[in-house]
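For reference, the structure discussed in these notes is given below.
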Amino acid sequence: MSNALAVAHVTQALALLIESNLRPEIDMAVSVETRKPPAEPPTEPTITVFLYQVTHNPSMRNHDLPTRASDGTLLNRAVAALDLHYVISAYGEENELVGQRLIGCVARIMHEFPVLPADVIEEAGERPYLAGSDLAQSEQKVRFTPQQMDVDETSKLWGMLHQTPYSLSMTYQASLVLVEGREEPERSRPVRRTEVAVGASYGAGAGGGDSLAAGGGSAARPGAGAPANASAGASGGASGGGAPGVSVTPGGGEAGARNGGRADGTVPARAGTADGRAAGTAAGAEARAAGAKRTAARRTEPHSGARQSAAKQTVGKNAVGKNAVGKNAVGKKAVAKQTAAKTAAKGAAKGAAAQSAGAKKAGATKASAKNTGATTKAAAKQAAAKQAAAKQAAVKQAAAKQAAAKKSGAAKKAAGSPARKASPGRPANGTSDGWGS
């Protein structure tokens with residue numbers, strides 16, 4: 001990890017790496033500058049190392065989460081994983097191809113030293129403006145990777161540099177630079193004491209029952225129906241020829257009884273006698289019978305419980321099925337009722353619409369009949385008026401003709417009377433009557 005000066009430290013170390021490895025191809029003085037390409041290209045051999053973009057590393061950007069607890073306490077130190085993007089440009093006399101010679105050396109150096117060397121990092125950290133940088137102590141190494149840029153991306157990059165002419169360049173990505181936060185998380189408290197708890201558990205005995213120790217038969221647990229001081233005989237006696245058994249101590253432990261055992265849990269003084277052997281054999285038989293019963297009961301309990309559980313589940317499933325069937329039937333009836341109601345409502349709406357349409361048609365027919373009758377009456381009145389006018393006109397014309405005829409006759413009479421008086425011997429119409437011409 002390193003602090004915030006790591007970004008500038010990497011840039012200075014990259015420039016120093018290029019400057020110290022230009023020979024033997026370049027035998028002239030070359031100025032390696034950590035700045036953007038100049039607006040006026042220099043004539044002297046110059047290499048510029050320009051950091052044009054800083055981005056978060058996509059694979060390591062969230063590796064430090066979570067940094068804080070729910071109460072705000074710092075859990076982990078925050079770390080920013082960064083990638084640095086550089087454009088390296090070369091300038092020089094074009095007639096001697098100085099720029100191309102320099103860019104060739106840059107390609108060779110970056111391919112030869114893909115990881116930033118530790119000695120170069122230490123030498124770059126001696127600059128006074130990088131005092132306090134701890135990049136040299138960081139375990140994460142910085143690796144340079146060449147970036148391929150097409151003509152469009154190159155045009156965008158140089159278009160971003162306002163009024164800066166294009167120059168022969170190469171682009172590289174430096175990763176990974178880890179910048180660590182300043183706040184220190186709280187240290188966890190040391191362990192003061194260690195507590196170890198040991199518990200015992202019952203397992204399957206060698207004789208088929210539950211037992212803590214293999215005594216040959218089934219042992220009884222305290223409180224499981226057997227007395228605390230019960231003793232049982234078992235096979236495999238040790239000394240005196242007595243029948244060994246399994247005894248249960250008052251604390252619940254079980255152990256193989258040696259030299260025979262008694263029903264009261266005591267060990268006889270001399271287990272090798274016939275009485276001791278008989279007592280141990282009888283007690284062992286009784287204990288084995290009791291243990292077998294208890295083992296059988298314990299074995300059947302899970303089966304009976306499973307059967308009862310299965311029966312309860314079956315009854316529950318049947319009840320759930322009946323409830324589901326009933327709910328489905330009720331739902332179907334409700335759906336049928338809703339469908340019938342919707343159908344009836346649609347029929348009523350259609351009937352009302354039909355009645356309304358019939359009423360509208362009847363009203364339209366009546367209105368049309370009224371309009372037709374009125375039109376007919378008006379036409380009849382107009383025809384009668386025309387006839388009356390025609391009659392009046394005919395009467396007037398006839399009266400006018402009669403008056404004109406009367407006037408014409410009177411005029412003729414008036415005109416014929418003087419002529420006859422002037423020439424009585426001539427006819428009134430002026431024609432020759434045989435009297436001479």
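The values are calculated or read from the model by the stated rules, or taken from the named source; none is laboratory data. Remember, it's a predicted structure, so these values are computed and weren't measured experimentally. Positions of Cβ are generated from backbone atoms using ideal geometry, with glycine treated the same way; all protein chains shown enter the neighbour counts. Each accessible area value is taken on the protein alone, full model and side chains, heavy atoms only, with ligands, DNA and RNA left out. Shrake-Rupley method; radii C 1.70, N 1.55, O 1.52, S 1.80 Å.
Surface composition of segment 28-183: carbon plus sulfur atoms hold 50% of the accessible area, using a 1.4 angstrom probe and ignoring ligands, DNA and RNA. Taking every alpha-carbon pair under 8 Å whose residues sit at least 6 apart, segment 1-61 reaches a relative contact order of 28 percent. Here's the list of lysines a cross-link from K141 could span, going by alpha-carbon distance under 29 Å and ignoring same-chain residues fewer than 8 apart: K36.
For segment 1-118, the solvent-accessible area with a 1.4 angstrom probe is 50 square angstrom per residue. About its Cα centre, the dipole of segment 59-112 is roughly 320 debye, where the only charges are +1 on Lys and Arg Cβ and -1 on Asp and Glu Cβ. Each Cα pair under 8 Å and six or more residues apart adds its separation to the average, and for segment 52-128 the resulting relative contact order is 23 percent. Charging the Cβ of each Asp and Glu at -1 and of each Lys and Arg at +1, and nothing else, the dipole of segment 53-171 about its Cα centre rounds to 340 debye.
Listed by chain and number, the lysines placed with their C-alpha closer than 21 angstrom to that of K370 are K360, K361, K381; residues fewer than eight positions away on the same chain are left out. With a cut-off of 14 Å between beta carbons, the residues surrounding R143 carry a summed charge of -2, where Lys and Arg count +1 and Asp and Glu -1.
Of all lysines in the structure, the ones whose alpha carbon falls short of 20 Å from that of K332, not counting any fewer than 8 places away in one chain, are K322, K342.
Quick one: grab the alpha carbon gyration tensor of segment 95-146, order the square roots of its eigenvalues as a ≥ b ≥ c, and give me rounded if a/c is under 1.5, else prolate or oblate depending on whether a/b is larger than b/c. Since a/c reaches 1.5 but b/c is at least a/b, the shape of segment 95-146 is classed as oblate.
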